[in-house]
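Below you'll find the structure, written out as structure tokens, and then a few comments.
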Amino acid sequence: MELDLNVVDYLQVAVTDRKCMKILPNNDKRRVTQKIVIGDKNGILQCFGIKKRDISSIFKLQPGPPITRVELGGALGTPQDKIFVASGAEVRGFSRKGKKFLDFNTNLTETISNLFVSGSDLLAGGLYIYNHFSDCVDQGYYLSNDKINDMICLPVSRNQEDKLIPILACNDRILRVLDGCDLSCEIEVSGAPQCMTPFKGNGGEEEKELVYGTSDGKIGHVMLADEQPIYKWEISNDKNFGGISCMSHHDITGDGVNDLLIGRDSGEVEIYSYDVADEPILRFSHNCNESVTSVQGGVVGALGFDEVVASTYSGWVTGLTTEHMQKRVTGSTSATTTNVIGAELDEDTEKKFAGLRAEVETLQMKVKTEREKHAERTNKAVASGNSALSRATTFHVNDRFVLSSSDASYQLSIEVQTAIDHIVLQSDVPIDLLDVDKTSAVVSYTSTQPNASASGGNDNFLLATYRCQASTTRLEVQIRSIEGQYGHVQAYIVPRLQPKTCVLRRYPIRPLSLHQRKHYIDEKRPMNTLTLSGPFSIAEIHSWIAFCLPDLPERPPTGDVVTLYFINTFLDTQLECIYRKGEGVFRSDNISSISILKDILTKEATTKKITLKIQYELSDDSIAHTLQLLHPKLDHQLMLAKKVQLLDALQELRVHEGNLDFLAPEYQSILLDAEEIKREFQKQPARLERLYGMITDLYIDKYKFKGVNVKQKVPQLLETLDSYELPALIEFFQQPSY
Amino acid sequence: MLVPIFSLKIKHKVHPRLVTVGKYDGLHPCLTCATTASKVFVHNPHSPAIAGGRMAVQDSDISLLSVNQSVSGLVAGQLDKNKKRDILCIGTQTNLLAYDVHDNTDLFYKEVPDGVNSLVIGNVANIDQPLAIAGGNCTLMGFDADGEDKFWTVTGDIVCSLALADFNNDGQDELIVGSEDFDIRVFQGEEIISEMTETEAVTGLCRISGSRFGYALANGTVGVYDRTARYWRIKSKNQVMAIHSFDLDGDGVEELVTGWSNGKIDARSNSTGEVIFKDNMTSAVAGMVDADYRLDGKDQLICCSVDGEVRGYQGDQSRRRIVEANRAMDDVKDLNMTKQNLLLELQNYEREKEFVKPHQLTSTEKINEAAIPVGSTANAELIIAQSPDPHIQLVVTSTNDTIVRMVVIFAEGLFEGESHVVHPPQNNLSNKITLPLYPPKDIPVELHTQAFISLPGSCSFHVFELSNYLPRFSSYLPMSRPPKMPESRITFSVVERVQRVAIWFNENFLLKQELTCDDLLEVHLLALRGGDCSFKMDQSGQIEITTDNLELAGDFIQSLASFLNLEHLQTTAHIPMHLKRLEELIETVDNLHVVTQKLAAEMTDHSNLIRSLVVRAEDARLQEDITNMRKGYIELHELNRDLINGYHVRSTNHDELVKSLKLVNQIIQKAAQLRVGKYQSQVVQQCRDAIKSGKMNALFKIIQAGSA
């Protein structure tokens, strides 16, 4: 069953950070609607309710430093209706009426990005540091190996004597469970966790279960047990939606079981309800067109109707309500059309609309005078000849550059608080831009001559202008990189603001760009080993590795020896890095990965004037193994290409003959699956070429280690590939090359 | 947002743009589309399907029509005024078939050597019968119900789209022609009465109402013209597959409905371009028509996808309310966005009340805040650079120690895409960026340049918007010395002062300084795309244009004539080179025709032989004479190979023929362009007559003198 929810836009505040909107619980006996509290980047905290579809403000505070988190708390066992607000290193507390009762400076060096309040315990987290305060007294801290993305505490309905179990969601794909301020257990998850929420809102029966969402869009359920965590279900991200930015629980279906509410970076709000076996089923999905920063459930718009409230990046608070309302009809801007329908005008909305328009008009006037004043000031400054500087209009940009493991490409999404005029993408590495269906922007490429400025070493391999349609605030681009080629993609973002300004964002394409962190590797595979030794510190080798591979924190993890595992998202080959002061050991079943690592690491070391001793140990079995690994992919692609080729001819046959019973079942099935085949083929353009490229690299790299240049044999290899047979290919790789 | 009132699935592919609807029995509309295997299907849900002759019935309501050549044009309409039924016209690359579906007979089957790229049925000026007009390789041909070619004219390039609309509100339809050279030309009879230059090949045209018509370009642009004025246009990254005009909201005003390659259908207000409705099909839209398909007295908009999905939409007043509600929601969103923008701007002025001094900024602030000295400006100008070769340069400069990090130029028709980016390497930044410009066509271009200015090392920039105007004939640079004189020249005289012509020069050319003159005007021009020319005018109003580029001369004359408001102008052309070329071409065409006939005869021989061989081999098989059967089939195989080879020869021969014919047509068109008004159509008509009657000398004379 699909849920049928109506969209209502309530109001817009300034740009919001993640998890800065909450719905206050009702502690009144009277039946009233719940209130919404939201904090924005202008530092304004406001609380409002809805009365007859109108906003009624409860309180609104003056602007201040940007608000990074809003949490609710209160004495244990009472409704959690005290509002805690983090901004900078400070935490402030307000009552539901807006009275300040707490002003606490944590003295953390980082900005507080995570906050949790339970009774008199206050947990604050920055990028790497977690700090525990009890009654505002420092109880201790924990330093995480990688960035902390979110933090929650179990149990939810905690009694005074219950121990608090904080859980940190860290960027290195680990949920760290703490005991006080010490690590008690690490839960490995399949993606970088972005947010967590207690299962069903209360943490499950034993209050030890939680749901997490990852940056690559997966949702999982895990239960803390005494020794090993118990993994329950995981929803994969087949449709390539954005990462999970926020989640919570609320019973919107009215079946007595809390439903899971999800907000994504790509703008989707999703509602999952649980079946008898506690497995989630998607019930509703709505796209807000900009990233969702928090999602909550409650009774807000009208009594008796549950609704989901979402806040978005540019500050819209939107309700998805179960209340069925007549489409509210309003007059439009032009008088003529109003006359045509005339009859049904909703006075409220009309009034609201007129108010808004008046507001905009006064603003326009004000801006006009300010603009003149500004021009005058500028002229004066120029005339007086002083060396003053004028700054550009600033605006917020919310951007993400994430490797999507399902198709081994990067998703770049850029979101601006206001409409985008155009974005210029420039890259100094060869990359492919893929078309994203959702993007309506018109692309135009500037042809580039890669050799024109070869001396500069800063070639424009790609120059593309994305001119956005009116009122587009978000642009998504899919980028395909080639391993071994590294550099930067730059985005020049120009919004529709006056005076026009531009912000430049850079995104690194790392040498091993298609690799992703993993927690284990398959030890049985034949591996090639590269060993480096020399007089380098652990910080140095860590920085070199962080240069080569994505997903790594800037600082080296604690401990003398660091072990990291990676998987190639395109080929499924693996890589193991073990390094310490003075030594680094890299093992992979893909000889190309080893070759790239060797090249980059030696180059990095040379620039630092460190002499390295390099040893490698190649396993000939690994080639056959890697090819074996590639075989199903290659085979599938070749079959697909063949089928697509046949499709048109078969379809023509069908029209000619009218009846196709005489065809071999193989061909009949192609016709039957025509749609499916076409869709798959369109979804992965040039996939075959990409595979060919990697096999060629593999071949060249294999012989590079033997000191043989086999470039002249590449055409022969491609010939072998054209009439692909796995044994023949392996045979070709094994041939001695002289 | 848009809900279809019916939808059905036809199990055939539909070729894009080849969709029409006709009432072949005078009562019931039948959807007709071209499909794979050179067939056309007629969907007839209302009366029993027709079979026999060309038609074969496949399903109960689908009849298939074999054409045996790939279909390139399809239209149904009342070609015969006496019959109250629609006739189906099918165009291929060589022929035009007019077919009466109801009677199952051919009205005519005509050879059209220029091919059929687009077809319409309707009336044109001066001819009282309805015509089937076919647009092909630079030509337009109109046939009446008897297959008589009543209309013939030439146009600048391969025709991509045709439409009939009352362009000048005179109660009679004009023929609007979109072609591959980006031009939309309007023909009243044989005469071009208007010409609009767009930015890409014009792939779609449709009549809206009155003098309004919609157009679509190959680069995903859709828009509306009212006469020569463009009302609006939008551009999408998707391809436009079809445009159609239909009143969906029942307010009596038609909307422009666009079908896209991604399956999207949107209806836009024809006066503003605002989207009123949209829907999505599962695959690319192939075509759209309107007809009373449910036989309830109301027309529906019928959309076909390439996979054979058909949806019908009804115009409906109640839909209006939903539109209004949605629009109000959008308006609120838009207003809120404006409000946010204004607030941001205000915030900025607030912050900028006091200018900061350089020492007040930290180094990170310097990088992130795009601080530039107060009063810094950017400037863009077009200059004529002399070395190494003369060319036009766009020079963007900035002042006050700032650098130009990048320039983005939005200019339509100047670059491959709609914009061009110049992004110099990091280590080679300065306060100046130059970009050489080579205009590919002679059209006026507005350059909108955005210069990204900052102090060195900054991560954000001030964007200065600058604009420049590139006049129509910018690629012809005046030079002091006379060029190597081309042998062709066009002479004519106008009753006009030399000074007026000098003004025309100043407006349409990129000049270092304004041209002034008293009694004699003589300009030598260097053409950037090759082929120099010169322009001379004396006091008596005698003008001489010396150039080997006929098209350019035509453009000069047309532009000058419209500047001087000349209604008619006769010119004399001395163009020996072009005439020689024409002579050669005509000879080639004749030779190719002979070869074609010979090949056709050969093919007939072969097919007779095949028949006998098959019979012989089959006989042998029945008599179990395996040796002879084998022999027969081997021979058959060889013959087949010969046939295939023959086919290749024929197809190259045909290509050659088409190419030559296109060139002949283009020369006639260029010759016509040298004249203005009635003399222009006179050239076309007389040339046609001369070719038809084979009078080559007359043809040359017409081209030179403008009349026989």
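The values are calculated or read from the model by the stated rules, or taken from the named source; none is laboratory data. Source: prediction; values computed, not measured. When we count neighbours, we look across all protein chains shown, and the Cβ atoms used for this are built from the backbone with ideal geometry, even at glycine. We work out accessible area using only protein heavy atoms, side chains counted, and drop any ligands, DNA or RNA first. Shrake-Rupley method; radii C 1.70, N 1.55, O 1.52, S 1.80 Å.
Once both axes come from the Cα atoms, what is the angle between helix A:591-607 and the longest principal axis of chain A, in degrees from 0 to 90, rounded to 10?
Approximately 70 degrees, to the nearest 10.
In debye to the nearest 20, how big a dipole does chain A give about its Cα centre with +1 on each Lys and Arg Cβ and -1 on each Asp and Glu Cβ? Don't skip to the answer; put the middle values down first.
Values: 80 positive and 99 negative charges, 667 e Å.
With Lys and Arg at +1 and Asp and Glu at -1, about 3200 debye.
Say R0 is 22 Å: what FRET efficiency, to the nearest 0.05, do B:Lys678 and B:Ser209 get from their beta-carbon distance?
Rounded to the nearest 0.05, the efficiency is 0.15.
Tell me what chain A gives for mean residue ellipticity at 222 nm when only DSSP H runs of n ≥ 4 count, each as -39,500 (n - 2.57), the sum divided by the residue total, rounded to 500 deg cm²/dmol.
-7500 deg cm²/dmol
What residues does region B:347-362 have that are buried by at least 20 Å² of accessible area in the full protein assembly compared to the chain on its own, 1.4 angstrom probe?
B:Gln347, B:Asn348, B:Tyr349, B:Arg351, B:Glu352, B:Lys353, B:Phe355, B:Val356, B:Lys357, B:Pro358
With label points built 7 Å along Cα→Cβ from the Cα atoms of B:Arg630 and A:Asn107, find their separation and express it in nm.
In this crude label model, B:Arg630 to A:Asn107 measures out at 10.4 nm.
Expressed as an acute angle from 0 to 90° and rounded to the nearest 10, what is the orientation of the C-alpha long axis of helix A:674-683 relative to the principal long axis of chain A?
Computed tilt is about 90 degrees.
Which residues does the label zone of B:Glu551 cover in region B:510-527, counting backbone N under 17 Å from a point 7 Å along Cα→Cβ?
Residues B:527 fall inside that zone.
Per residue of B:230-238, what is the mean number of Cβ atoms on other protein chains within 10 angstrom of that residue's Cβ?
Per residue, the average neighbour count from other chains is 3.
A:Ala686 to B:Ser651: FRET efficiency via 1/(1 + (r/R0)^6), r the Cβ-Cβ distance, R0 45 Å, to the nearest 0.05?
Between A:Ala686 and B:Ser651 the formula returns 0.90.
In sequence order, what are the phi-derived ³J(HN,Hα) couplings for region A:475-480 according to the Karplus relation 6.51 cos²θ - 1.76 cosθ + 1.60 with θ = phi - 60°, rounded to whole Hz, with x for glycine and proline?
3J(HN,Hα) across region A:475-480, in whole Hz: 10, 10, 9, 10, 10, 10.
Quick one: if you stick a label point 7 Å off each Cα along the C-beta vector at B:Thr197 and B:Asn82, how many nm between them?
Result for the modelled spin labels: 4.9 nm.
Expressed in nm², what is the orientationally averaged projection area of the convex hull enclosing the Cα positions of the protein assembly as shown?
Mean projected area for the protein assembly as shown: 65.2 nm², to one decimal.
I'd like to compare B:542-555, B:489-502: which one has the highest average count of other Cβ atoms within 10 Å, and what's the full order after that?
B:542-555, B:489-502
Explain nothing, just the number: relative contact order of chain A, from Cα pairs under 8 Å at least 6 residues apart, as a whole percent.
7
Calculated FRET efficiency, B:Lys598 and A:Ala728, Cβ-Cβ r, R0 56 Å, to nearest 0.05?
0.65
Full extension from A:Gln645 to A:Glu675: what is 0.36 nm times the residue separation minus their Cα-Cα distance, to one decimal in nm?
On the way: separation 30, 0.36 × 30 = 10.80 nm, distance 1.36 nm.
The A:Gln645-A:Glu675 span can extend by a further 9.4 nm.
State the answer as a single residue: which of A:Gln637, A:Leu660, A:Leu647 lies farthest towards the positive end of the charge dipole of region A:623-686, with beta carbon charges of +1 for Lys and Arg and -1 for Asp and Glu, about the Cα centre.
Positive-most Cα among the choices belongs to A:Gln637.
Place a +1 charge on the Cβ of each Lys and Arg in region A:92-212 and a -1 charge on the Cβ of each Asp and Glu, then give the dipole magnitude about the Cα centre in debye, rounded to the nearest 20.
Dipole of region A:92-212, to the nearest 20 debye: 700 debye.
Write out the GluC sites (Glu not before Pro) in region A:201-286 meeting two conditions: DSSP loop, and at most 13 other Cβ atoms within 10 Å of their Cβ.
Answer by residue number: A:Glu205, A:Glu206, A:Glu227.
Contact order normalised by length for region A:515-619, with contacts defined as Cα pairs under 8 Å and 6 or more residues apart; what percent is it?
40
Measure up B:Lys23/B:Lys278; B:Lys84/B:Lys278; B:Lys11/B:Lys631; A:Lys518/A:Lys683; A:Lys19/A:Lys438; A:Lys642/B:Lys13 against 32 Å on the Cα-Cα distance and list the ones that go over.
Over 32 Å apart, Cα to Cα: B:Lys84/B:Lys278; B:Lys11/B:Lys631.
Hey, if you put +1 on the Cβ of every Lys and Arg and -1 on every Asp and Glu Cβ in chain A, which of A:Thr378, A:Gly119, A:Ser413 ends up farthest toward the positive end of that dipole?
A:Thr378
How much accessible area per residue does region A:19-258 have, counting only protein heavy atoms and a probe of 1.4 Å, in square angstrom?
Numbers: 10070 Å² over 240 residues.
That works out to 42 Å² for each residue.
Can you tell me which of A:690-701, B:253-264 comes out highest on packing, and rank the rest after it, using the mean Cβ neighbours within 10 Å?
B:253-264, A:690-701
Which peptide among B:424-432, A:122-130, A:89-97 comes first, and what is the full order, when sorted by highest mean count of other Cβ atoms within 10 Å?
A:122-130, A:89-97, B:424-432
Where the only charges are on Cβ atoms (+1 Lys, Arg; -1 Asp, Glu), what is the dipole of the protein assembly as shown about its Cα centre, to the nearest 20 debye? Intermediate values should be presented prior to the final figure.
Details: 148 positive and 192 negative charges, 634 e Å.
That gives the protein assembly as shown a dipole magnitude of about 3040 debye.
Would you mind giving the mean number of other chain beta-carbons within 10 Å of the Cβ of each residue in A:408-421, as a whole number?
Partner-chain Cβ atoms within 10 Å, mean over residues of A:408-421: 1.
For chain A, find the longest principal axis of its Cα atoms and tell me its angle to the long axis of helix A:620-657, 0 to 90°, nearest 10.
Taking Cα atoms only, the helix is inclined about 80 degrees.
For n ≥ 4 DSSP H runs only, could you compute -39500 (n - 2.57) per run for chain B, divide by its residues and tell me the 222 nm figure to the nearest 500? Please list the in-between numbers first.
On the way: 8 runs with 185 residues, N = 708.
Dividing the helical sum by the residues of chain B leaves -9000 deg cm²/dmol.
Note down, for chain A, the three equivalent ellipsoid semi-axes (square root of 5 times each alpha carbon gyration tensor eigenvalue), biggest first, whole angstrom.
47, 34, 30
Please report the buried accessible area for the interface of A with B, total over both chains, probe 1.4 Å, in Å² to the nearest 100.
Buried surface at the A/B interface: approximately 7700 Å².
Restricting to Cα pairs below 8 Å that are 6+ residues apart, what does the relative contact order work out to for chain B? Please round to a whole percent. List each step's numbers first, then the result.
Working: 1578 pairs, mean separation 54.7, N = 708.
With pairs under 8 Å counted, the relative contact order is 8 percent.
At a 1.4 Å probe radius, carbon and sulfur cover how many percent of the accessible area of region A:19-258?
47
Residue by residue through B:575-583, how many Cβ atoms from other chains fall within 10 Å of the Cβ on average?
Per residue, the average neighbour count from other chains is 0.
Restricting things to alpha carbons, find the Rg to Rh ratio for region A:515-619 using the Kirkwood radius for Rh.
Using only Cα positions, Rg/Rh for region A:515-619 is 0.93.
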